[in-house]
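Read the structure below first, then the notes.
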Amino acid sequence: MGKADLHLHSTASDGKMLPEDVVRTAHQLGLSAISLTDHDTIEGIKPAQKTAREFDIEVIPGVEITTAFNDRESHLLAYNFDVTNAGLNTLLQEHKRARVQRARWIIGQLQKKGLDLDINEVLAEAGGRNVGRPHIAAILKKKGYIATAKEAFIRYLSDEALGTIQSNYVAIAEVIEIVKQAGGVTILAHPGRMYSERELLKFVEAGIDGLEMIHPSHNYDIQKEMEAFAGKRNLLTTGGSDFHGNKKSYYRHFGVLTVSIQCVDKIKLLSAHRKGVSV
Ligand code: AMP
Ligand code: ZN
Ligand code: FE
Ligand code: FE
C-alpha cells in the first residue's frame, strides 16, 4: 500500500533542503507520492517534478498559502492546481510583497525593544525567496541575541510575543476561490487546537474542501476530532510531516507521518472534476 506525505517545505521557502533532495529523501523513506507545500510559492515544484521522474515517486503540485482570517493568519494548503494559472500566480506575487511588508513591521517591533537589526539583513538572509520569521530568527542568532530559532520564537517571534501581526494577506474566502478557479483543492492546514468548532464552521462556509488531520501538532485525540468533523460534513482529510529540515533534523516526522495513496487519489478526482477533465 503506497504512502504519501502532503506537507513538506524546501529551500524554495523556509525549509533547509533543496526540492530535489526532498524528493530523493522521500523516495529513500519509501513514499510513493509527495507534495511540496512551500509558503506562498510554487517555485520548488518544477525541480521537484523533474527529479521525481528519475525515481518511482509522484510529486503533486502544492503550496501553503497564508490567508487572512478575521484578525489572524491562517494557513491554507492547496493541491493539484494548474501551476500556470494567472490568478494564482498573481496572488502569490502579491503575497511575496506582503511578506516583505510584514517582515518590516516585525523588525520595527523588535527595534522598539532595542534590538539592532534591519530589513536589508533579513532580506539578504532570505536570498530572494519568500521572507518569513525563520529568516529573522537566523539574523537574531547571528547577532547573538538568541542561541536557537526555537528560542527566538519563544522570546520574540511567536504570535504571543508579537501580538496581532500586521499583514496584508488576502482573505481566506478569496484565496479559496482563486485556488478553485485554478482547478485546485483547498485544505485547512494544522487546524488542531487553533480553532473552535464555530471557527471551523466558518472555514467550511468559506469553501474549504478538507482538513489536515495528520500533522506533528496533532495527537491522536485531535486526529479523531478532525476525522469526525470532516466525516460529518463530507470533507477530505489529508496529512503530512510539515518537514522543514535538512539531513537528520525533523526526520522523526518525515517518512513517519503519512497518509495513504487513496488520499492523493481523492484530491486528484476532485481536482479533475474542477478542471472539467476525466481521470
Ligand atoms: P512565517 O511564515 O513568518 O509566519 O513563519 C512561520 C514559520 O516559522 C513556520 O512555518 C516554521 O517554519 C517556523 N516556526 C514557527 N514556530 C516555530 C518555532 N517555535 N521554532 C522554530 N521555527 C518555528
Ligand atoms: Zn515554514
Ligand atoms: Fe503552517
Ligand atoms: Fe508548513
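Accessible area per residue for the chain in Å², computed with a 1.4 Å probe and the full protein assembly in place, what is it?
That works out to 47 Å² for each residue.
How high is the relative contact order of the chain, given as a whole-number percent (alpha carbon pairs under 8 Å, six or more residues apart)?
That works out to 23 percent.
Answer with one residue from LEU91, ILE172, ASN246: the one whose Cα lies farthest towards the positive end of the charge dipole of the chain, charges on Cβ with Lys, Arg +1 and Asp, Glu -1.
Result: ASN246, furthest along the dipole toward the positive end.
With only Lys, Arg, Asp and Glu charged, each at its Cβ (+1 for the first two, -1 for the last two), find how big the charge dipole of the chain is about the Cα centre; round to the nearest 20 debye.
Taking the Cα centre of the chain as origin, the dipole is about 420 debye.
Where nothing but the Cβ of Lys and Arg (+1) and of Asp and Glu (-1) is charged, how large is the charge dipole of the range 93-162 around its Cα centre, in debye to the nearest 20? Please report the intermediate quantities before stating the final value.
Details: 14 positive and 8 negative charges, 18 e Å.
For the range 93-162, the charge dipole is close to 80 debye.
How much of the accessible area of the chain, in percent, comes from carbon and sulfur atoms when a 1.4 Å probe is used?
50
Pairs of Cα atoms under 8 Å, at least six residues apart: use those to get the relative contact order of the range 93-162, whole percent.
26
Within the range 1-86, which GluC sites (Glu not before Pro) sit in a loop by DSSP and count at most 15 neighbouring Cβ atoms inside 10 Å? Don't jump to the answer; show the numbers that get you there.
Numbers: sites: GLU20, GLU43, GLU54, GLU58, GLU64, GLU73; in loops: GLU43, GLU54.
Of the GluC sites (Glu not before Pro), the ones in loops of the range 1-86 whose Cβ has at most 15 other Cβ atoms within 10 Å are GLU54.
Cross-link candidates for LYS46: which lysines have Cα within less than 28 Å, leaving aside residues fewer than 8 places away along the same chain?
Counting by Cα, and skipping residues close in sequence, LYS46 has these lysines nearby: LYS3, LYS16, LYS96, LYS180, LYS247, LYS248, LYS266, LYS268, LYS275.
Out of all DSSP beta bridges in the chain, what portion is antiparallel? Express it as a percent rounded to 5.
If we restrict to bridges inside the chain, about 50 percent are antiparallel.
Once the Cα atoms of helix 133-142 and of the chain are each reduced to a long axis, what angle between those two axes, in degrees from 0 to 90 to the nearest 10, is obtained?
It works out to around 40 degrees.
Looking at the square roots a ≥ b ≥ c of the eigenvalues of the Cα gyration tensor of the chain, which shape do they give, rounded for a/c under 1.5, prolate if a/b is larger than b/c, or oblate? Let's see the in-between values first.
Numbers: a/c = 1.56, a/b = 1.35, b/c = 1.16.
It is prolate, given that a/c is not under 1.5 and a/b is the larger ratio.
With runs of 4+ DSSP H residues as the only contributors, calculate the mean residue ellipticity of the chain at 222 nm using -39,500 (n - 2.57) per run, divided by the residue total and rounded to the nearest 500.
The per-residue figure over the chain is -13000 deg cm²/dmol.
Ordered by packing density, taken as the mean number of other Cβ atoms within 10 Å over each peptide's residues, highest first, how do 235-242, 90-97, 114-121 rank?
235-242, 90-97, 114-121
The values are calculated or read from the model by the stated rules, or taken from the named source; none is laboratory data. Note that the structure is a prediction, hence the values are computed from the model and not measured. Don't worry about glycine lacking a Cβ; one is built from the backbone with ideal geometry, like all the others, and counts go over all protein chains shown. Accessible surface is based on the protein model in full, side chains and every heavy atom, while ligands, DNA and RNA are left aside. Shrake-Rupley method; radii C 1.70, N 1.55, O 1.52, S 1.80 Å.
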